[in-house]
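Following: one structure in structure tokens, then a few remarks.
The values are calculated or read from the model by the stated rules, or taken from the named source; none is laboratory data. Since the structure is predicted, the reported quantities are computational estimates derived from the model, not experimental observations. All Cβ positions, glycine included, derive from the backbone under ideal geometry; neighbour counts span all protein chains shown. Accessible surface areas use protein heavy atoms only, side chains included; no ligands, DNA or RNA. Shrake-Rupley method; radii C 1.70, N 1.55, O 1.52, S 1.80 Å.
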Amino acid sequence: MEIIACDVRYAVVVKWLAALALVAAACSGPEPNTPHVSREPISVRGWIVDIESPPNAYRTIETEAARKSQLFQQTNVWVDNAPYVSGGVAENGSFILLDVPPGNVTVSFSAPGAPLVRLVLQHVPGNADVFIPAMFIKHDSVALLEPKGVKVRMAAKVTKETPTGVTAIVAGLTVPVVNTPMVAMMDRLDYPIPPSGPTPIATYK
């Protein structure tokens, strides 16, 4: 009987120690340097106009549309050192990234003919929405074809867009951070819609 009692007490102690270890692990938090979602994530959205390709003498609206759609479907986008970021590139070239960390961020694109192209964001405040229309992906860089359309927005209780006095940098372009009416920020979780209809063939020197 004494042996049985000892075994029971031992089993209880083992279970208690196991439970204590689980609690300690839960309370200790993530390991140092483990990537985690920011409490003030930003969104990055826009669309790709084209990806630099070898010259082709035979180009029509139809062949260009098919070429671009195929390229966009083979294009990947991610944020360096942030594996938890969600999003991607749609077949029309539109892209969205959610849960992106604020501050200084590198967005990487990989496409046929452009194995690794980086878009660098700097000084982006938390909870901002970075909107980048009409991007042209070259072999080794990203070109902004509509730099005046690039925006860094913050949701605020205002009736119209109001400069905050703060700036961010998008692909080397200094962009004012703008307080934006909350109702106008409802689209920050959606893929942006590129202009409809045929677009001109992108060229950039």
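The set of residues from the stretch 113-132 being touching an Asp or Glu at 6+ places or on another chain (Cβ under 7 Å) and either crowded, with 20+ Cβ neighbours inside 10 Å or among the aliphatic types (A, V, I, L, M) (or both) comprises 114, 117.
The single condition from (1) modelled with pLDDT of 50 or more; (2) part of a helix (DSSP H, G or I); (3) open to solvent by 60 Å² or more (accessible area, probe 1.4 Å) that residue 16 fails is (1).
Taking the stretch 151-183 only, how many residues are in a loop (DSSP other than H, G, I, E, B) and open to solvent by less than 10 Å² (accessible area, probe 1.4 Å)? Residues in the stretch 151-183 being in a loop (DSSP other than H, G, I, E, B) and open to solvent by less than 10 Å² (accessible area, probe 1.4 Å): 0 in total.
For the stretch 72-87, a residue qualifies if it is open to solvent by 20 Å² or more (accessible area, probe 1.4 Å) and either at positive phi or touching a residue at least 40 places away in the same chain (Cβ under 8 Å) (or both), and the qualifying residues are 81, 83, 84, 87. Candidates in the stretch 55-71 are the residues that are touching a residue at least 12 places away in the same chain (Cβ under 8 Å) and open to solvent by 70 Å² or more (accessible area, probe 1.4 Å); of these, the one that is nearest to residue 91 (Cα to Cα) is 61.
All of 200, 194 fail the test of being over 12 Å from residue 130 (Cα atoms), open to solvent by 70 Å² or more (accessible area, probe 1.4 Å), assigned to a loop (DSSP other than H, G, I, E, B) and modelled with pLDDT under 95, apart from 200.
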